[in-house]
Amino acid sequence: MERVVMKFGGSSVATIDKIKQVAQLVVQRKQEVKDLVVVVSAMGKSTNHLIELAGELSNEPSECEMDLLMATGEMVSSALLAIYLNAIGSKACSLTGFQVGLKTSGAHMQGKIENAGSEKLDQCLAEGAIAVVTGFQGIDEAGEITTLGRGGSDTSAVALAAVLNARCEIYTDVAGIYTADPRIRQQAYKLDHVTYEETMEMANLGAKVLEPRSVEMANRYHVPLYVALNTGDIIGTQILSEDERMEKTTLTNVSKIDEVLLVNLKAGDNKDLNITECFLRLAHAHINIDIISHTVDHEGNRLTSFTSTTGSKTKIERILKELAADYTFTEDVSKVSIIGSAMRNQTGIAARAFDVFYAQDIPFYSVSTSEISISYVVDTAASNQIVNALADEFGL
C-alpha cells in the first residue's frame, strides 16, 4: 500500500460542514493507503480577515509578526479537522509546519522550503494515525515562523510528499485542470493528463489551480501529482512527465492574468536613464517583472516597456521618480497566453494565433514567447473575447 499526501484549500475547509465532508473523504482514503498525511489551508477567507485585523492596528505591521499571525489560520483548520476525525473514530494528530520539520529560508512572508520531515511526523504515521498538517508555514534557521506566500500550502504538500516518497493529491473546488477557465469559456473541458512543464507554464500564466513552485518541486523530485474535485467523486487530472504521455495535442490551455500593469519608459540617450539601474532597483524592492521589450524609434529614442502587477504600481512609480525617468503607465490590461508542449515541434501555431487577433480586430501591446507558450498583452475589456476566439481556433 502506498503513502499519500492529500491537500485541501481554504474553500474546501471554509465551514464546519465542509470540514466534516473533507473528513469523510480522508477516512475513505485512509482505508486505501498505508500512510496518510493531510495538508490544509486556513478556513475560507480567514487569512484575509487576519490581515485586516492587523491593518486596524498598524499601517506597516512587522512582517515577522504578520507571519506569526497568519500562521494561526492553518492551525485552526488543522486542529478542527483532527478533532472531528478522532470524534468519528479515525485516529489523527494535528501538526504545525515546524513540528513536521518544514525548514525555510528567505524573507518573512516569502519563505522558501529547504527541507522537511521530522521524528514527530514519523511517529504519528508509525502509530497508524492520520497526520493533519498546517500548510503555508515553516520555521527558519533562527527558529522563527515563516509563511510561504501565495499558494504555499500546495508547496508544503509537495515537499512532504517528496520526503515521504508519497503521491500528492491536491483537492480543490474544480474537477481538475481545464483547457481554459470555465468561468470565461463554457466549452472548456477537463484534461485527463497534462505534463509538469505545461502545468508550470499554466500556473505562471494565470491558471489558478496550482502554485508554480509546487509543480516545479514535484517535477524536480518526481512526485506523482494529481488534481481533483474536493468531493472525490470525479476523476481529476494526472500530471505526468513528457515521456509518460502517449498522445500529444497541439495546445493544452489558453489562460489569462488580469490586473496587469504595462510600464513604458523613454530615453533619448544613454545618459537619460540607466535601464540596468532601474531593473536592479525594482529587483531590490522585490517587484516581479514579466514581459520586457526594447526598441528604438525613428528619432533614436530608446523605448523600453515591461509588465508587472497593478499592486506594484506605487513602488514602481517611486523608483522611476527617483531615477527621473520619462514614463507612462497603461492600466486595465491583461495577459492572454496559449500553452502546449507540442508547440516546440509543430509549425504554424504563431501564425494561426496572430490571424485570430486580426480576425477579431483586437490589438495587442506586446507579445512574448517561450518554448511552449505565446503571451499577448491586451485590453482587459477584450480579454475574454480573445480567450474564447483562441480556444475556438485550437479546439480548447
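A short reminder: the numbers here are calculations on the coordinates, not readings from a lab. Nothing here was measured: the structure is a model prediction, and the numbers come from that model. Counting neighbours? That spans all protein chains shown, and the Cβs are built from the backbone with ideal geometry, glycine included.
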Taking chymotrypsin sites (Phe, Trp or Tyr not before Pro) as exposed when in a DSSP loop with at most 15 other Cβ atoms inside 10 Å, the chain has its longest clean stretch at 1-188
Subtracting the Cα-Cα distance of A283 and V27 from 0.36 nm times their residue separation yields 87.6 nm
Relative contact order (%) - the chain, alpha-carbon pairs under 8 angstrom, separation at least six
14
Percent of alpha carbon pairs in the range 254-394 separated by more than 21 Å?
48
Average projection area in nm² (convex hull over Cα atoms of the chain, one quarter of hull surface):
21.6
Sequence of I170, I374, I130 once ranked by neighbouring C-beta atoms within 10 Å, starting from the fewest
I374, I130, I170
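Express in nm, to one decimal, how much length is gained between K208 and K45 on full extension, taking 0.36 nm for each residue of separation and deducting their alpha carbon distance. Display every interim value, and only then the final one.
Details: separation 163, 0.36 × 163 = 58.68 nm, distance 1.62 nm.
Between K208 and K45, full extension yields 57.1 nm more.
Of K30/K91; K91/K208; K45/K315, which ones are farther than 22 Å apart at the Cα?
In this structure, K91/K208; K45/K315 lie more than 22 Å apart at Cα.
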Least to most buried among H49, H298, H284 (fewest other Cβ within 10 Å first):
H298, H284, H49
Rounded to the nearest 500, what is the chain's calculated 222 nm mean residue ellipticity when only DSSP H runs of at least 4 contribute -39500 (n - 2.57) each, over all residues?
-11000 deg cm²/dmol
Once a ≥ b ≥ c are taken as the square roots of the eigenvalues of the Cα gyration tensor of the range 1-122, is the result rounded (a/c under 1.5), prolate (a/b larger than b/c) or oblate (a/b not larger than b/c)?
oblate
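When DSSP assigns beta bridges and you keep just the ones with both residues in the chain, what percent turn out antiparallel, to the nearest 5?
60
Counting other Cβ atoms within 10 Å of each Cβ, which trypsin sites (Lys or Arg not before Pro) in the range 117-172 have at most 15 and sit in a DSSP loop? Write down the numbers at each step before the final one.
Values: sites: K120, R150, R167; in loops: R150.
Those that pass, being in a loop and sparsely packed, are R150.
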Which GluC sites (Glu not before Pro) from the range 23-76 combine a DSSP loop assignment with at most 15 other Cβ atoms within 10 Å?
E32
Ranking of C124, C64 by count of other Cβ atoms within 10 Å, fewest first:
C64, C124
In nm, give the distance between the simple-model label positions of N86 and S368, each being 7 Å from the Cα along the Cα-to-Cβ direction.
4.9
